[in-house]
Structures are given as structure tokens and as C-alpha cells.
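The values are calculated or read from the model by the stated rules, or taken from the named source; none is laboratory data. Treat the numbers as computed from the prediction; the structure is a model and nothing was measured. Note: ideal-geometry Cβ built from the backbone for every residue, glycine included; neighbour counts use all protein chains shown. The accessibility values were calculated without ligands, DNA or RNA, using every heavy atom of the protein model including side chains. Shrake-Rupley method; radii C 1.70, N 1.55, O 1.52, S 1.80 Å.
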Amino acid sequence: MLLCRQYLDLEKLRLGDRLIVDWNVKSMPGDALVPPLVLQPLLENAVYHGIEPSSEPGTVSINLFLSRGEVHAILKNPIFAKGRRHQSGNKMALDNVRERLALHFDAEASLESRITKESYEVHIRMPYRTQRIEVPVAAKDGARQAAKPKNGAHRLRATLRPRGVVGTEAAHG
């Protein structure tokens, strides 16, 4: 959620009064886990297709809530006549989000999109989960080994030198 808020704050700086953001998260449990990069790409699309093409203000709404053991995320943005919109997208963000949802929740999650008279709407449903599934220690160790830099690069650390100059020096030990 923080990434989404930061992204929209940046877009608000760029678009000014043209971007109105309506967050409705009062009914969303603070401990609910939402996989990374599920909402943010959809918000990018909402700004690109729903706000940028118009010189008039538009609202991107984000409604997150818990209902019957499922977390719901409903994102809406305005739509415009053909002359006032960007080229149609290739639905890559929707496909990527569907794939992320399937990886995290298998068939328990869904993403639906629809066009109404005045808006484009995406509705995501996912199971309410409060803790991550633990990865076995052996799998974590294997991932750490694969990610470790070669040639001793993992032994370098940033140090603060006089007058605020940042450099690197070999770590001891």
C-alpha cells in the first residue's frame, strides 16, 4: 500500500489538480497481506488512461475492504471518448496481476475488469491472509548462495569519509 500511495503522490505532483485520489480503506484490516505489485500497475494504468488524456480533473478511486473472508480491491478511473484517450493498452498489466494473484493464491483469487458508462473498473478478490507462508530454511540458504556476488564483492561496504565523501573499503573479517 505504501508503494501505491507514494506512486500516486508523485503523480499528484506532476498532474496537480487534475488528479483526485479517493482512498477508502476504513474496512480493510491493517494486517491483510496483499502481494507486492498487484495494485500499483493498475493504478499506473488508471492514471495513464483515465487522467492524462483530459485537461479536466478526474478521480482515481481505491476501495479496499474485507467481506466474507476475502479482501476486495476495487479501482476505478474515468473513461473518455475516443478523441480524448491514449491508445488502447495491450492488457499487459492485467495479465501480470492475474499471474501474480495465481502464484500467491492459485484459484482462490480473481481479477475482473469492466467498462461502465463513466468509468473503467477493476475488481480483485483474494483470500484474507495475515501471515506469509514460511519457506523452508534449505530453500532460503540456496537462494542466498545463488544471490551472493562473485569475486568477494559481498565483502565491500560503504563507509563515510571525511567531508561527507562516500566510498567503499574492504570489510574486515
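Between Y120 and residues 5 or more places away or on another chain, which pairs have amide H atoms under 5 Å apart, with H built 1.01 Å from N, and which residues are they?
Those qualifying (amide H under 5 Å, at least 5 residues apart or on another chain) are N77, I79.
Hey, any idea what % of region 1-101's accessible area is carbon plus sulfur with a 1.4 Å probe? Before the final figure, lay out each step's value.
Working: 2960 of 5840 Å².
For region 1-101, the apolar C and S fraction of the accessible surface comes to 51 percent.
Take each of the peptides 61-72, 11-22, 40-51, average the number of other beta-carbon atoms within 10 Å over its residues, and list them starting from the highest.
Averaged packing, sorted descending, gives the order 40-51, 61-72, 11-22.
Using 16 Å as the cut-off for backbone N distance, which residues of region 29-51 belong to the label zone defined by a point 7 Å from the Cα of T130 along Cα→Cβ?
Of the residues in region 29-51, 29-34 have backbone N under 16 Å from the label point off T130.
In nm, what is the difference between 0.36 nm times the number of residues separating I115 and L33 and their Cα-Cα distance?
Details: separation 82, 0.36 × 82 = 29.52 nm, distance 2.77 nm.
Roughly 26.8 nm would be gained on extension.
In whole Hz, with x marking every Gly and Pro, tabulate ³J(HN,Hα) for region 29-36 from phi via Karplus 6.51 cos²θ - 1.76 cosθ + 1.60, θ = phi - 60°.
x, x, 9, 5, 8, 10, x, x
Distance in nm between label sites at N96 and R68, each 7 Å beyond Cα in the beta-carbon direction?
3.2
Keeping every protein chain present and rolling a 1.4 Å probe, give me the accessible area per residue for region 1-48 in Å².
58
Give the percent of DSSP beta bridges with both residues in region 1-123 that are antiparallel, rounded to the nearest 5.
75
Under 15 Å between alpha carbons, and skipping anything fewer than 8 positions from K12 in its own chain: which aspartates and glutamates qualify?
D22, E44, E52, E56
Net charge near L101: determine it from the other residues with C-beta under 14 Å of the C-beta of L101, scoring Lys and Arg +1 and Asp and Glu -1.
-2
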